[in-house]
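Nothing in this text is a laboratory measurement; each read-out follows from the coordinates by a stated rule. These numbers were taken from a predicted model, which means no experiment stands behind them. As a convention, Cβ positions derive from the backbone with ideal geometry for all residues, glycine included, and neighbour counts pool all protein chains shown.
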Amino acid sequence: MGRLGASCDYESLRNVRISENQARLASLGLEKTVSELRSIASPAKPEKTTPVRKYCKRIFVSTSLRRSDRLKGISGDICKSNSLRYSERLREKSGISVQSPKVFSASKLNRRILSYGEGEEEAKRPANAPLLDFDTTKLRPSPEVLSRRCDSKDRGSVYDPIFGICCHFCRQKKLCGEEDCKRCGDLDMDEQCLGKTDCSACHSTNGVLCRGCLKVRYGEEMEEVRENKEWMCPHCIEEKGINPYWICNSSLCLKKRKMVPTGIAIFRAREAGYKSVAHLLMDKLQNAAKRRK
């Protein structure tokens, strides 16, 4: 009975306190419910009175639009009457003689296009003397730039995307640092570059190597290669079967072989006692061939 009486006293006190709180809220004007307060706080959405405009794409061009012959209403006979452009290979097959729009005058440039060197037989132009069939006098570097050409003898210090000859390994189109080079020094397009090699067999860009790459990657000196008129690049050496393990170790050629590029492997090669990176790879390929047997 004592516990029941205590709970009744607590309930009565609670009800009295609730009634007092409600009276206090009513006196302050705060007896509104939560929903009413939310409706007051959120502003009413304005009604849409303006109609939705349709999207219209505007074209701002100063010239007339280009239309195909079909949309213009031109018949196929008129289209066939226009002169078609043929390549030289298709011209020979079809017998069409169309004059090329590029006509060269009988000058030194024209003679250099037809052949290289003197004599009745036409000689293939060396890769370290590529032909530039335009007026090179307008794009000549300044004397200040050419004076810095010999600062670095290995690969040259002046990068020139027009007159520079690209090395097959480092792919740097730099003017060579050789003091006696007339092509890079005087920009004489009839002379060979003394700082780049040329393969006597293929005369292709695969055999163009600068002094630095020739020494580090293949262990050869530029002076020895220059004196050897029968020098061949690693591609031709492997193709002719002279030394099948002597391969080109540029990143492009190694990727074609599905081999990982060596990167800066000259320090590892010299620590192992090899003359160059090519000698290191040659020994690895020979050992791998022996293990397969």
Checklist entry - In this model, which of Lys173/Lys255; Lys174/Lys256; Lys124/Lys196; Lys196/Lys290; Lys229/Lys255; Lys124/Lys174 are farther than 28 Å apart at the alpha-carbon? => result Lys196/Lys290; Lys229/Lys255
Checklist outcome for this item: Once Lys and Arg are counted +1 and Asp and Glu -1 for all other residues with Cβ under 15 Å from that of Lys275, the total becomes 0
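In the range 189-293, which GluC sites (Glu not before Pro) are in a loop and have at most 16 other Cβ atoms within 10 Å, using DSSP for the loop call?
On the way: sites: Glu191, Glu220, Glu221, Glu223, Glu224, Glu227, Glu230, Glu238, Glu239, Glu271; in loops: Glu191, Glu220, Glu221, Glu230.
Hits after loop and neighbour filter: Glu191, Glu221, Glu230.
Give me the percent relative contact order of the range 109-243, please, defined on Cα pairs under 8 angstrom at least 6 residues apart.
The normalised contact order for the range 109-243 reaches 20 percent.
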Checklist entry - Which ³J(HN,Hα) values, rounded to whole Hz and listed in residue order, are derived for the range 147-152 from phi using the Karplus coefficients 6.51, -1.76 and 1.60 in 6.51 cos²θ - 1.76 cosθ + 1.60 with θ = phi - 60°, glycine and proline given as x? => result 5, 8, 5, 8, 5, 10
Checklist outcome for this item: Placing one equal point scatterer on each C-alpha of the range 203-293 and summing with Debye, one gets log10 I(q)/I(0) at q = 0.15, 0.17, 0.18, 0.21 Å⁻¹ equal to -0.59, -0.77, -0.86, -1.17
Item to check | Segment Ser19-Tyr159, length gained on full extension (0.36 nm per residue, minus Cα span) | outcome: 41.0 nm
Checklist entry - Glu227 to Lys275: FRET efficiency via 1/(1 + (r/R0)^6), r the Cβ-Cβ distance, R0 25 Å, to the nearest 0.05? => result 0.85
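Just the ratio, please: alpha-carbon radius of gyration of the range 109-243 over 2.2 N^0.38 Å, N its number of residues.
On the way: Rg = 14.9 Å, N = 135, 2.2 N^0.38 = 14.2 Å.
It is 1.05.
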Next on the checklist: What does the charge count around Glu220 come to, taking other residues whose C-beta lies under 12 Å from its C-beta (Lys +1, Arg +1, Asp -1, Glu -1)?
Outcome noted: +1
